[in-house]
Amino acid sequence: MATWPATLPTPLLNGYAIKPNDQTVRTDMDGGAARSRRRTMTRSDKVPVSWKFTDAQLVIFRAWFDDGVAGAAGGSAWFTTSLPTGVGGLTSITARFIGPFTAPVLSGLSWNVTAELELR
């Protein structure tokens with residue numbers, strides 16, 4: 001399994017938010033209260049992430065993101081990284097990208113890279 005490159009920073013906390021997926025199914029009834037049941041016991045959270053990269057760090061990130069052997073395989077592969085997950089500090093967790101990242105230039109040669117990750 002791929003690992004987040006040690007030469008790259010952890011995500012910025014500004015805008016970071018854990019979004020748990022709904023684990024229930026709700027059925028409206030013709031009469032009376034709706035029924036609700038748990039669909040799965042597996043936790044699956046989503047988090048929006050952003051990083052501030054230098055130009056050199058963006059080169060490393062893009063190479064790792066596209067690497068199909070030791071990287072994120074274009075965003076489709078699971079990888080281990082350290083993120084805040086609400087259990088105290090940074091936690092080693094498995095994640096993968098949901099869709100492509102965006103990388104607008106901030107100023108000079110620094111970049112604000114944003115993406116959404118799913119965690120398991």
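None of the figures in this text is laboratory data; all of them are computed from the coordinates on show. Keep in mind that this is a model prediction, so the values were computed, not measured. All Cβ positions, glycine included, derive from the backbone under ideal geometry; neighbour counts span all protein chains shown.
A few notes on this one:
- Each Lys and Arg Cβ is given +1 and each Asp and Glu Cβ -1; about its Cα centre, the chain then shows a dipole of about 440 debye.
- Estimated distance in nm for a label pair at residue 38 and residue 94, the labels positioned 7 Å out from Cα along Cα-to-Cβ: 2.0
- In the chain, taking the dipole from charged Cβ atoms about the Cα centre, the farthest positive-side position among 51, 20, 98 is held by 20.
- Between 0 and 90 degrees, the angle of helix 55-66 with respect to the longest Cα principal axis of the chain falls at about 50 degrees.
- Gaussian network model of the chain, Cα within-10 Å springs - most flexible of 28, 55, 45: 28
- Calculated on alpha-carbon atoms, Rg and Dmax of the range 1-61 in Å: 19.7, 62
- The helix-only estimate of mean residue ellipticity at 222 nm for the chain, built from DSSP H runs of length n ≥ 4 each weighted as -39500 (n - 2.57), is -3000 deg cm²/dmol after division by the residue total.
- Computed from backbone phi with θ = phi - 60° and the Karplus coefficients 6.51, -1.76 and 1.60, the 3J(HN,Hα) list for the range 103-112 is 9, x, 6, 8, 6, x, 10, 10, 10, 9 Hz; x is used for glycine and proline.
- The overall shape of the range 39-94, judged from the alpha-carbon gyration tensor, is oblate: a/c is not under 1.5, and a/b is no greater than b/c.
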